[in-house]
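K.L.:
After the structure tokens below, expect a handful of questions from me.
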Amino acid sequence: MSFHIVNINSPQCSITCKDGQLICRTDEGTKSLPIEDVASIVITSFSATIHSNLIIEAAKNGVSLILCEAFKPVSILIPANRSTDTILTRALLKTTDKFRSKLWRKTVDAKCKNQLSLCQKLAPENQKLELLKETAFRLIKNKESACSRVYWQIIAAIINDSSFRRNSSGSGLNNLLNYGYAVLLSSVLQNLFALGLDPIFGISHLPRERGAPLAYDLMEPFRPCVDYRVIQWIKNNPNISELAVTKEFRKWVTGFTIERVDYFSFKLEIRGCIEGVLRGFRRAIIEQKSNYYRPWIINKDYLPEMEESPD
């Protein structure tokens, strides 16, 4: 598989292909890249002109086009010879419950450790921190829910709201978190489709109508990135009487995707880190070896001092 997943996000642009080059023209200039070096093209632009020649050349070179609305994939154009990834499909079909459980344990371990790192940074004196640490490193049943229970109690203390309960149907802070998680989900979905992974084949979350279980699974270790960004917003806006998803908040929270983190020997933006994790997951499925799947774990340098959000 070619290396590059190209994301076209300029507000207005023209995309075509000529002489073997993927070409994107905007008011700021023209950029090009050899089409043979591209794996997939994700178009999140709100107003892009796509030339038919791009669609033809992309198909001839085995490149998929993923079209998004509000950053969420709504259409996929796949070359006829790539309509089914035979190797990946066969690997998915032979994946055992035991192997899926092993992949899920690695996912949960990473999520719990990331929750712990965030709390250690923001609430080093909290009395519940030792319990969270003990739970995060233990081999216990229902580890995710046990960590989550303590984690959200610490978060409630950080924001000085003892009445807060994490509820996806709740209001206020829950609305802010839900929006941030939706942005994260969109980024994971874009990369899943770009890498040929069907989001319906999850490792823990159950399939449901219009659901994407695999995306829900693999986004878990990245949730604390959203939590941290939302907490920053609240700390910088203490006088907000109603925590609403405003235009300013939407612009602020989406910034977590371009924060730079360490992923093994690489320094990547979080969106690039997501791609790296998913590539490893894909290889783990194909080769049925869990060591290729390496969920991202926060290192001590990821959590900088609180930034000031824009007015």
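K.L.:
For the chain, the longest stretch holding no trypsin sites (Lys or Arg not before Pro) located in a DSSP loop with at most 13 other Cβ atoms within 10 Å is which?
P.N.:
Values: sites that count: Arg138, Lys141, Arg165, Arg208, Arg210, Lys289, Lys300.
Of all site-free stretches, the longest is 1-137.
K.L.:
May I pose another question? What does the net charge come to around Gly272 if you take all other residues with beta carbon closer than 12 Å to its beta carbon, with K and R at +1 and D and E at -1? Mind showing how you got there, number by number?
P.N.:
Values: positive: Arg260, Lys267, Arg271, Arg279; negative: Glu259, Asp262, Glu269, Glu275.
Surrounding charge for Gly272 is 0.
K.L.:
Do any cysteines of the chain lack a neighbour Cys whose Cβ is under 4.7 Å away, and which are they?
P.N.:
Unpaired cysteines in the chain: Cys13, Cys17, Cys24, Cys68, Cys119, Cys225, Cys273.
K.L.:
Of the labelled options [x] 18.9, 59; [y] 20.5, 64; [z] 24.7, 74, which one gives Rg and Dmax of the Cα atoms in Å as computed for this structure?
P.N.:
[y]
K.L.:
Sticking with this structure for a sec: GNM on the chain, C-alpha springs below 10 Å: top fluctuator among Leu132, Leu206, Leu185?
P.N.:
Answer for the Gaussian network model of the chain: Leu206.
K.L.:
Can you give the angle from 0 to 90° between the axis of helix 173-194 and the longest principal axis of the chain, with both taken from C-alpha atoms, to the nearest 10?
P.N.:
30
K.L.:
If you don't mind, another one. Roughly how tilted is helix 97-122, in degrees to the nearest 10 and between 0 and 90, from the longest Cα axis of the chain?
P.N.:
Helix 97-122 and the main axis of the chain meet at about 60 degrees.
K.L.:
Could I have the simple spin-label model distance between Lys60 and Gln21, label points 7 Å from Cα toward Cβ, reported in nm to one decimal?
P.N.:
Reported label-point gap for Lys60 and Gln21 is 1.7 nm.
K.L.:
Working from Cα positions, state the angle (0 to 90°, nearest 10) between the long axis of helix 270-287 and the longest principal axis of the chain.
P.N.:
Once rounded, one gets 70 degrees.
K.L.:
Could you list Tyr151, Tyr179 in order of exposure, starting from the residue whose Cβ has the fewest other Cβ atoms within 10 Å?
P.N.:
Details: Tyr151 25, Tyr179 17.
The order, fewest Cβ neighbours first, is Tyr179, Tyr151.
K.L.:
Along the charge dipole of the range 88-292, pointing to its positive end and built from +1/-1 on Cβ of Lys, Arg, Asp and Glu, which listed residue (Gly276, Asn178, Ile203) has its Cα farthest out?
P.N.:
After comparing all options, I get Ile203.
K.L.:
Okay, next question. Could you work out the relative contact order of the chain? I mean the mean sequence separation of Cα pairs under 8 Å and 6+ apart, divided by the number of residues, in percent.
P.N.:
On the way: 466 pairs, mean separation 48.8, N = 311.
Averaging sequence separation for qualifying contacts and normalising by length gives 16 percent for the chain.
K.L.:
Can you list the lysines whose alpha carbon sits under 30 Å from that of Lys102, skipping same-chain ones fewer than 8 residues off?
P.N.:
Those lysines meeting the cut-off are Lys72, Lys94, Lys111, Lys113, Lys121, Lys128, Lys133, Lys141, Lys143, Lys267, Lys289, Lys300.
K.L.:
Residue-wise, which Karplus ³J(HN,Hα) couplings in Hz belong to the range 154-161, taking 6.51 cos²θ - 1.76 cosθ + 1.60, θ = phi - 60°, and x for glycine or proline?
P.N.:
5, 4, 4, 5, 5, 8, 6, 9
K.L.:
Also: Select from Cys147, Val63, Ile15 the residue farthest towards the positive end of the dipole of the chain; place +1 on Cβ of Lys and Arg, -1 on Cβ of Asp and Glu, and compute about the Cα centre.
P.N.:
Cys147
K.L.:
Moving to a separate point now. Roughly what % of DSSP beta bridges within the chain run antiparallel, to the nearest 5? Provide the component values of the computation, followed by the final result.
P.N.:
Details: 20 of 33 bridges.
Roughly 60 percent of the DSSP beta bridges within the chain come out antiparallel.
Laboratory data are not the source of any read-out in this text; all were calculated from the coordinates shown. No experiment lies behind these values; they were computed from the predicted model shown. Positions of Cβ are backbone-derived with ideal geometry, glycine not excepted, and every protein chain shown enters the neighbour counts.
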